[in-house]
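Everything on this sheet refers to the single structure shown next.
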Amino acid sequence: MVDLKETNRLLDVLMATADSPEPVAEGAELYCGLDVGTAFIVLVVVDAAGEPVACAYQFADVVRDGMVVDYMGACDIARSLKEQLEGRLGCELLQTAVAIPPGTESLDGGVVRNVAESAGFDVVAVFDEPTAANMVMGIENGAVVDIGGGTTGISVLCDGRVVQCVDESTGGTHFSLVLAGAKGVGFDEAEGYKRDSANHAEVLRIVRPTVDKVASIVERSCRGFEVPEVILVGGTAELTGIEDRMEHQLGMPVVKPSRPMFVTPLGIACGCRAKVQGEGR
């Protein structure tokens, strides 16, 4: 089983900085990760050692099925988050990496890069989302599954090398649609209800068929490879018990970090650091 102890430590540090980031020393080397997601846009900052120093995020309805549909809205939020963290840290943030769903480089890679550049960033790399998540977890063998709002991205790794990378249009938005229909409420109300952990037992029972569909996507993506375990990340993986249901369906261990929503943006920032420092990751 993968050891997520260090990943969870970094996530704990990251969440602490979301509440009270401290100013950094003049000339400090800082690297950013901008995650333009379906439900949230997240900006994470790490230092030269890869330790989190700041995090800011905002709810956003600018991405659907992995594609940016409100470009100006995404730009405004990215710029706001950058300015917010620059004010708290007392310095300008210059370099960032970004991430996109696997296989969408020709469709949306340039758009996400443009969003970051419009905020004043120098974009040093564009990663696919599950591979970015693994830059903080360091999985050698297994499947990293990023269940986002609009899509589910899967990276299968063998001996630290990505051997399969796919993306399917099923994610948290579909969970919310099923929940809205079952409860007879609007989409926005269902989305809010889903995010409240107090409701997760009921939500999981209602959206179980959609969870099973995600499991079938993962199973299909892993065929032909020796996959000892599955690691869940992404905002939809915050749903309590989703890992147990998927483990039951897949017949293999399924685990997740303590705050799966923030693994990918933290990994993007770590990837930015590795790229600039020439670590070749």
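The length gained by stretching the chain between Glu22 and Ala198 to full extension, at 0.36 nm per residue less their Cα-Cα distance, is 60.2 nm. As a calculated quantity, the FRET efficiency between Ala48 and Arg79 at R0 = 30 Å, using C-beta atoms, amounts to about 0.75. Between Glu92 and Cys158, the contour length at 0.36 nm per residue exceeds the alpha carbon distance by 19.9 nm. Accessible surface calculations at 1.4 Å, restricted to protein heavy atoms, place the chain at 42 Å² per residue. Where the accessible area of the stretch 137-281 is counted over protein heavy atoms with a 1.4 Å probe, how much of it, in %, is carbon and sulfur? Of the solvent-accessible surface of the stretch 137-281, carbon and sulfur hold 46 percent. For the stretch 175-241, the equivalent ellipsoid derived from the alpha-carbon gyration tensor has semi-axes of 27, 13, 9 Å in decreasing order.
The Rg/Rh ratio of the stretch 168-209, with Rg taken over Cα atoms and Rh as the Kirkwood radius over Cα pairs, comes to 0.93. Extension gain, Asp61 to Arg208: 0.36 nm times the residue separation minus the Cα-Cα distance gives 50.5 nm. Extent of the chain along its three principal axes (Cα atoms, max minus min coordinate, largest first): 51, 44, 36 Å. Working note: Cα atoms of the stretch 130-272, range along each principal axis, descending, whole Å: 47, 32, 23. Could you work out how far helix 200-222 tilts from the main Cα principal axis of the chain, as a 0 to 90 degree angle to the nearest 10? So the helix axis and the longest Cα principal axis differ by about 80 degrees.
Size of the stretch 1-100: Rg and Dmax of its alpha carbons, in Å, are 14.2, 43.
The values are calculated or read from the model by the stated rules, or taken from the named source; none is laboratory data. Worth saying up front: this structure is predicted, and the values here are computed from it rather than measured. Note that we place each Cβ from the backbone using ideal geometry, even for glycine, and neighbour counts take in every protein chain shown. SASA here: full protein model, heavy atoms, side chains in, ligands and nucleic acids out. Shrake-Rupley method; radii C 1.70, N 1.55, O 1.52, S 1.80 Å.
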